[in-house]
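Here is the structure we will look at, set down as structure tokens.
The values are calculated or read from the model by the stated rules, or taken from the named source; none is laboratory data. Source: prediction; values computed, not measured. Glycine gets a Cβ as well: all are built from the backbone with ideal geometry, and neighbour counts include every protein chain shown. Please note that ligands, DNA and RNA were not included when accessible areas were found on the heavy atoms of the full protein model with its side chains. Shrake-Rupley method; radii C 1.70, N 1.55, O 1.52, S 1.80 Å.
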Amino acid sequence: MATGEGWHFGTAAGYPIRQDRLAELAEGLESLTWDTPRTEDPEKLNRIGLGDPREGGSGALIEVLDADGAPAAALITGRKSEAIYARRPDERQAFRVTGELPPLYSSEAWLDLGFLDIHADAISAVRLTDSDGESLYLQRTVGSSERDFRPAPPYEDYRLTSRIAVTGPALALTRFLPTGVKPAAALRTSSVGRHITETHDGLEVDVHAYDERDGFFITIRAIEAGEGAQRAAAINERTRGWAFELTATDWADYTPRVQDIVRAP
């Protein structure tokens, strides 16, 4: 849906969507060429991705709405292998079409989730607080290797269980690849871990982790000192009020137990 602040997914209160996807869709629809007629058999439409999605079918319905919100144009489109097919929603005749369309079956492909761009070299320290309430501070100096994170007091004399146990959580934010998003107000559990990333130039990104019935989620808040704190403001503009779904593997790097990273000497 279009708003004064751009396009959003689903409703005006939905998450912002990628503008490049809109451009791809507009260009793709404009250049589509109706080609060879295919089946008219309604039982075969699902096989080529043209089942009506409003009835549980395999197709993707594209509707262009006028200023009053009424459909001005519509088609159902789908893919089978490399071929693209389309039909008008009120007709059974299917056609193979020539052209390109952006991904239409995955909402994640449309969400504007590329707001974090933190390189591994930029990270100076990470503070982890696990589900037991134990806290561990890992730090390194400017220019050192990603293998050089060391525990700060009171764990400075502890040994590391493995290098991967340290670098995974320390660099978790550099691999931020969410698979979905939902309103933070929809979270139904308490945080089971906290993960704060610090950069050499003063940016902090505070993450809280949640183990929800519908997936693994994190919330994000950025903090930056000084009058020119534009990075934090840009991050918070995209994260405020939202929870981001991660794969179980990625989420685990935000929620390690301290005892699994350091051991007493």
Inset, instruction - Restrict the check to the stretch 28-38 and report whether at least one residue is crowded, with 17+ Cβ neighbours inside 10 Å and in a loop (DSSP other than H, G, I, E, B). - result: yes
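For (1) open to solvent by less than 50 Å² (accessible area, probe 1.4 Å); (2) at pLDDT below 95; (3) part of a strand (DSSP E or B), each residue gets a yes or a no:
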{"position": "V205", "(1), (2), (3)": "yes, no, yes"}
{"position": "D211", "(1), (2), (3)": "no, no, yes"}
{"position": "A222", "(1), (2), (3)": "yes, no, yes"}
{"position": "G228", "(1), (2), (3)": "no, yes, no"}
{"position": "A234", "(1), (2), (3)": "no, yes, no"}
{"position": "E237", "(1), (2), (3)": "no, yes, no"}
{"position": "W251", "(1), (2), (3)": "yes, no, no"}
{"position": "P256", "(1), (2), (3)": "yes, no, no"}
{"position": "P265", "(1), (2), (3)": "no, yes, no"}
Legend entry - Unique residue being farther than 30 Å from A60 by Cα and in contact (Cβ under 8 Å) with a residue 40 or more places away in the chain when the list is A120, A184: A120
Inset, instruction - State whether the residues of the stretch 172-179 include one that is in contact with a helix residue (DSSP H, G or I) (Cβ under 9 Å, 6 or more places away or on another chain), assigned to a helix (DSSP H, G or I) and open to solvent by 40 Å² or more (accessible area, probe 1.4 Å). - result: yes
